[in-house]
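Right, one structure below, let's go through it.
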Amino acid sequence: MLDTNLLFVVFQTTGFSAACIAFALCLVQWRHGSAYGMLGLMFLALATSELSVMFEIIVTDPPQAPRDVLRMISYFSTFFIAPLFLFYVRLLTGSDTVCAPRAFWFHMALPALSFIATAGFLTLPADIRGLIFDGAAFDTLSGAGKTFALALVAVEFLIYCQWLIYVPWVLRVQMQHKARLRDLFASTEAFETRWVIGMALFLGFYAALCFVDFGSRLIYDAALLGRLTDTLMVMIIVLILMLWGLRQSPGLHGPREAVHQATTAPHPKYERSALADTHADRIERKLRRAMEQDHLYRDPNLSLWTLSQHIGASTNYVSQTLNERVGQSFFDYVNGWRIEEAKPLIRRGEQTVLAIAYEVGFNSRSSFYAAFRKQTGVTPSTYKSTPGAAQAMLG
């Protein structure tokens, strides 16, 4: 049977070491994008939040003064993790700034509150600090001790609330990013950050567990989340961020105009547009000609900017025409043409599905299958085996 104390030390050391290494690697990569710098700050906050535990593992019977200071520093640093994660995701998805100046102070409000609690706590006498850390009965504390014990409980409650707010916030940024990509690129695989959704959901699950554990400790004086499970989950968070974050290319790469379009809202920009109906009709005809005659959809790297240059119109007008006149995003419009060319090729059965996917402009088999099923309601293999009459109904 494995020693739980040994496992705890292994998980704790692995997570802490990985966070420190990842922080150093982010410093090296900082020059390639500010997202790496923000990710590095997140790793620093994660490492600092585990600093006191590492100190108590390394130092046997540590002196109380440095132990208390490190505990409060670790406690204080945890309040930066959620805002830094949101800032990182915004930079990762192509935003020029993490937030507006006024909004920045909103994000820093809870860290500031925790700093006040930390600074005030360290002014207490050593014996009072020891009683609070050791979980002494509330009635045994002095007036100041009771005040700060309640403050620490309140701030701990707030940090779990903070995470449960920031996780949906991150998911919302991801959904907006996905919508922007579909207005700009015919193939979005190179720019997608699906792992962030999984990371956010795992963080939300971890925060929910901590919240339930907090309530159990407060009401029933019973911990549901043991230190081994807690340390394991923190280690997993660090390793996922390290393995995926360090290899994720931040931001959107391409012509400046296309990248600028990606960082703005997709539809409100049309409200004051000077695009007239006759102009929109001309653009729509040019778009159809570019697809029917020039077969631009076969370009796997086709972007809104490239198509706009080809037909001699602004990206804003092309996007507006697609969304308002055609009723499709750029992504759906181009992939629709690709699927229409693929249908007769699939019926003939002279090529593999993968070869057909590449020929009509898709970058991967999975993206072709997803687009084909979305447009026809069936998979390519089912479409091929469907009788002729049913095929006609499918399109």
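Things worth noting here:
- Residues of the range 78-102 satisfying the condition of being open to solvent by 30 Å² or more (accessible area, probe 1.4 Å) and modelled with pLDDT of 85 or more: THR78, PHE80, ARG90
- The residues listed here are SER49, SER74; of these, the one that is among the polar types (S, T, N, Q) and within 18 Å of GLY245 (Cβ to Cβ) is SER49.
- Evaluated against (1) in contact (Cβ under 8 Å) with a residue 40 or more places away in the chain; (2) surrounded by 15 or more Cβ atoms within 10 Å (Cβ to Cβ); (3) touching a Ser or Thr at 6+ places or on another chain (Cβ under 9 Å), LEU7 falls short on exactly one condition, (2).
- Selection from the range 24-51 of residues that are among the charged types (D, E, K, R) and within 19 Å of the chain's Cα centre (by Cα): none
- Residue in the range 132-151 that is in contact (Cβ under 8 Å) with a residue 60 or more places away in the chain and open to solvent by less than 40 Å² (accessible area, probe 1.4 Å) present: no
- Residue selection: ALA190 fails the criterion of being in a helix (DSSP H, G or I), open to solvent by 40 Å² or more (accessible area, probe 1.4 Å), under 30 Å from GLN309 (Cβ atoms) and touching a Pro at 6+ places or on another chain (Cβ under 7 Å).
- Set LEU171, LEU232: member being more than 30 Å from TYR333 (Cα to Cα) and under 24 Å from the mean Cα position of the chain (by Cα): LEU232
- Residues within the range 193-212 that are over 18 Å from ILE236 (Cα atoms) and part of a helix (DSSP H, G or I), tallied: 2
- Within the range 28-52, being of a type in the set (Lys, Arg) and not in a helix (DSSP H, G or I) holds for no residue.
- Sole residue being free of Cβ contacts under 8 Å to residues at least 12 places away in the same chain and under 30 Å from GLN320 (Cβ atoms), chosen from ARG217, ARG182, ARG194: ARG194
- Set GLY204, GLY226: member being modelled with pLDDT under 90 and not acidic (Asp, Glu): GLY226
- Per-region count, the range 337-395, residues acidic (Asp, Glu) and modelled with pLDDT under 90: 1
- Any hit, the range 10-32, residues being farther than 22 Å from THR229 by Cα, open to solvent by 30 Å² or more (accessible area, probe 1.4 Å), touching a Leu at 6+ places or on another chain (Cβ under 7 Å) and modelled with pLDDT of 90 or more: yes
- Scanning the range 194-210 for residues that are buried (at least 20 other Cβ atoms within 10 Å of the Cβ) and among the β-branched types (Val, Ile, Thr) turns up just one, VAL196.
- For the range 330-369, the tally of residues that are in a loop (DSSP other than H, G, I, E, B) and open to solvent by 20 Å² or more (accessible area, probe 1.4 Å) stands at 6.
- Options VAL334, VAL326, VAL318: the member that is modelled with pLDDT under 90 and of a type in the set (A, V, I, L, M, F, W, C): VAL326
The values are calculated or read from the model by the stated rules, or taken from the named source; none is laboratory data. None of the values given here were measured: they were computed from a predicted structure. Note that each Cβ is placed from the backbone with ideal geometry, even for glycine, and that neighbours are counted across all protein chains shown. With ligands, DNA and RNA removed, areas are computed over all heavy atoms of the protein, side chains included. Shrake-Rupley method; radii C 1.70, N 1.55, O 1.52, S 1.80 Å.
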